[in-house]
Amino acid sequence: MQEAFRRLMAFLLANSLMEDRQLIFITDGATEIKEHVQRYFGFRPYTLHLDWHHLQKKCYQLMSSALKGGKKMKQEKDAIERELYGILWTGNVKGA
C-alpha cells in the first residue's frame, strides 16, 4: 500500500496533476486506505467516495436491518431500494 501511494504521488507530481485541483479518491471504505490518503495527501484538499459496489452493499445492509417484515414488506423494500439507488446513481447522497 505504501509503495502504491508513493507511486501515485510521484505520478501526480511529475504530471502537474495536483496544482489547483481537489483530489477525489474512490475506495471500498477500508480504514487502511483512508489512513494512507490522509498520510500522503492530507496537505491537499481531497474527498473520499465509496465505490458503487460497496455503497450499494452498505445501503442494502442498512435497509435490511431497518425494514424487516413479510412478503409485503419485501415488495416495499424493493421499491424503496430501486428509488434509493436511482438517487444515489446521480451522486445525490444527501438526497438519498
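Summary of values
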| quantity | calculated |
| --- | --- |
| Cα-based helix-to-principal-axis angle, 52-66 vs the chain, degrees rounded to 10 | 40 |
| Electrostatic dipole magnitude of the chain [Cβ: Lys, Arg +1; Asp, Glu -1; Cα centre; debye, to 20] | 380 |
| Solvent-accessible area of E83 with every protein chain in place, 1.4 Å probe, in Å² to the nearest 10 | 120 |
| The chain: angle of helix 71-89 to the longest principal axis, Cα-based, in degrees nearest 10 | 30 |
| Under the Karplus curve 6.51 cos²θ - 1.76 cosθ + 1.60, θ = phi - 60°, whole-Hz ³J(HN,Hα) for segment 2-14, x wherever Gly or Pro sits | 4, 5, 4, 5, 4, 5, 4, 4, 4, 4, 5, 5, 5 |
| Exposure ranking of Y46, Y60 by accessible area [1.4 Å probe, largest first] | Y60, Y46 |
| Candidate residues I80, I33: accessible-area rank, largest first, probe 1.4 Å | I80, I33 |
| Accessible surface ranking that places the most exposed of H49, H54, H36 first, with a 1.4 angstrom probe | H49, H54, H36 |
| Rough spin-label spacing in nm, given labels placed 7 Å along Cα→Cβ, for A30 and V93 | 1.9 |
| Nonlocal Lys pairs with alpha-carbon distance under 25 Å, the chain (8 or more apart, or different chains) | 19 |
| Of V37, N92, C59, farthest towards positive along the dipole that unit charges on Lys, Arg, Asp, Glu beta carbons give the chain | C59 |
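The values are calculated or read from the model by the stated rules, or taken from the named source; none is laboratory data. Quantities reported herein were computed from a predicted structural model and do not represent experimental measurements. Counting neighbours? That spans all protein chains shown, and the Cβs are built from the backbone with ideal geometry, glycine included. For the accessible areas, the whole protein counts, side chains as well, though only heavy atoms, and no ligand, DNA or RNA atoms are used. Shrake-Rupley method; radii C 1.70, N 1.55, O 1.52, S 1.80 Å.
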